[in-house]
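Asker: Pasting a structure here, questions to come.
Any read-out appearing in this document is the output of simple, stated calculations on the displayed coordinates, not a laboratory observation. As the structure is a prediction and not an experimental result, all values here were calculated from the model. Cβ placement follows ideal geometry from the backbone for every residue including glycine, while neighbour counts extend to all protein chains displayed.
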Amino acid sequence: MGVLQEDVVIIRQSEKEGAPTEITINCPDKTGLGCDLCRIILFFGLSIVKGDVSTDGKWCYLVFWVIGKSETRWNLLKRRLVEACPSCFSASEISFFRSEVRPPKPPDVFLLTLCCHDRRGLLHDVTRVLCEFELTIKKVKVSTTPDGRAINMFFITDTRELLHTNERRKETRECLNAVLGDAMISCDVEKVGSEITACSQASSFLPSAITEDTFVLEMPNQLPSGTLTSSSVSIAFDNLLSPSHTLVQIICQDHKGLLYDIMRTLKEYNIQISYGRFTVKQRRQCEIDLFIMQVDGKKIVDPSKQKSLASRLRLELLRPLRVAVLSRGPETELFVTNPVELSGKGRPLVFYDITLALKMLNTGIFLAEIRRHMIGGREWEVYRVLLDEGDISSVPRNAIEGKVWKMLMGWE
C-alpha cells in the first residue's frame, strides 16, 4: 500500500484572515508518530485548535487545524513533517512511503561561541536567530564579564545537517551580525564531540526546593502553596462504549503544546491511539476523546493502570513545565524545568520563551545555563537563569514567575 510522496502532507492555508490552516497527513503508522508530528508543529510556533486522528495500526490519517504566526514558512514545515513520516522508496519511478524505519544517526554537535557587547534582550535576539535557522540548542553557557561583554557558548545541532559546510556557517554568522550589528565582536563555529551533551548526573547547582518538589512523575495529593498550574483537569475512562478500545475523555484548559504533552505521555506508557478527536472550545476549554489500547491490543481495564495513567496525564496537563524564582544569598535565579522525551528530545522553544519574557520585563540576564539531569529514573531539562541584580528590585519575584509561566503556556 502506498501514497504519492506529494500527498503525504497537504497544507491548505485559509483564505480568510485569522482562520485556521488545515494540515492533512496520510502515511504508514509508526510508534510515537503523533508525538513527533505535534512536536514539529510546536517548534514552528503553531497552536493546534482542532485535530482528528485515526489509524488501524499500519496506516494513519491525521488532520490538524492550526493557527499561529503570519510569517510561518509553510513549505519548510511540510518538508519537516514529511521527514518525520516513515521513509520512502522508489518503485517504477514513483515515490511511495513504507513503514520500515531505520534508527536515526545521532546529529553532529557544534559549539557556537559568540562574544558581544552586552545589552538588554541580547540573548533572546540570538536565540531567535538560531530558531529561525533551525539550529537546536542542546546546551548553553552564557556569562557577562565585568567590562560589559557577553560570552555566549551554544552547543547546537543543525536540523538541516549542513553546519559542517562553510556556506552554512557563513550564513549563520552573517545573520547574527545583521541582528546584532556593532554589538557583535566575534563569532566562531566548530564541531565538537556529542559527549558534551550527555546528561549530567550531578545536581549540585539545583536548590533543594527544586529537587524535592519538581521531579515527581505522578500527581501528588496536594501541590505546594503558590505552585503555578493550569486550571482543573478532568479525566474519565469508559470501557463500555467500544468492544476493543478504552475511551479516555479529557477536559482541560488549553496551553501551548497541549496535544504534544498528551501524545508524549501516551508514548511513554506504550499506549496506542486508534482514533482521537481534539477541539478547543470557548475560553480555552479543550475537549479530547481518545480511543486507546495497550501495546498487546487489549483495553485498559486494570483500575491501578487507569489510576496511574490518569495521574500522570493530570500532572503533565496541569504542570507541563515548572517555573520558580528563588533567592540564594544575594543572587536571584529563575529555574524552568521540563521532562525530556524517551527519545532524548527536549521541549521546543523553551529557552526562546524564557528570554522573550525577560526581555519584555526589561530584566537583564547575568548568566544562563541549560543542563540535563537524571533524577528519579527520568531525564529532565533544567534551565537556570541568574538575573541581573540591578533589575530585581524593580520587578517583583512573582511577576517574573507569572510572566515566564504565561509565555511558556502560550497565554500572552
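Asker: Starting from 0.36 nm per residue, how many nanometres of slack lie between Gln282 and Arg120 once their C-alpha separation is accounted for? Write out the running numbers ahead of the final one.
Answerer: Working: separation 162, 0.36 × 162 = 58.32 nm, distance 3.70 nm.
Result for the pair: 54.6 nm of gain on full extension.
Asker: Something else now. Normalised by the residues of the range 1-93, what does the relative contact order come to in percent, with Cα pairs under 8 Å and at least six apart?
Answerer: 32 percent
Asker: Here is a follow-up. For the range 1-93, what is the charge dipole size about the Cα centre, in debye to the nearest 20, if Lys and Arg each add +1 at the Cβ and Asp and Glu each add -1 at the Cβ?
Answerer: The dipole of the range 1-93 has a size of about 280 debye.
Asker: Still on this structure, I have one more. Grab the alpha carbons of the range 1-93, take their convex hull, and tell me the volume per residue in Å³.
Answerer: Dividing the Cα hull volume of the range 1-93 by its residues yields 98 Å³.
Asker: Report the net charge of residues surrounding Thr279, where surrounding means a beta-carbon distance below 15 angstrom and charges are Lys +1, Arg +1, Asp -1, Glu -1.
Answerer: Its environment carries a net charge of 0.
Asker: Is the C-alpha gyration tensor of the range 106-202 telling us rounded, prolate or oblate? Criteria: a/c under 1.5 is rounded; beyond that, a/b larger than b/c is prolate, otherwise oblate. Intermediate values should be presented prior to the final figure.
Answerer: Working: a/c = 2.00, a/b = 1.24, b/c = 1.61.
Oblate.
Asker: Once the Cβ-Cβ distance between Leu76 and Arg397 is put in as r, and R0 is 56 Å, what FRET efficiency do you end up with, to the nearest 0.05?
Answerer: Values: r = 39 Å, r/R0 = 0.70.
For Leu76 and Arg397, the calculated efficiency is 0.90.
Asker: Taking loop as defined by DSSP and a crowding limit of 13 other beta carbons within 10 Å, which trypsin sites (Lys or Arg not before Pro) in the range 230-302 fit?
Answerer: Those that pass, being in a loop and sparsely packed, are Lys281, Lys298.
Asker: Okay, moving on. Label Ser304 and Ser343 with points 7 Å out from Cα along Cα→Cβ: what is the distance between them in nm?
Answerer: The modelled label-to-label distance comes out at 3.1 nm.
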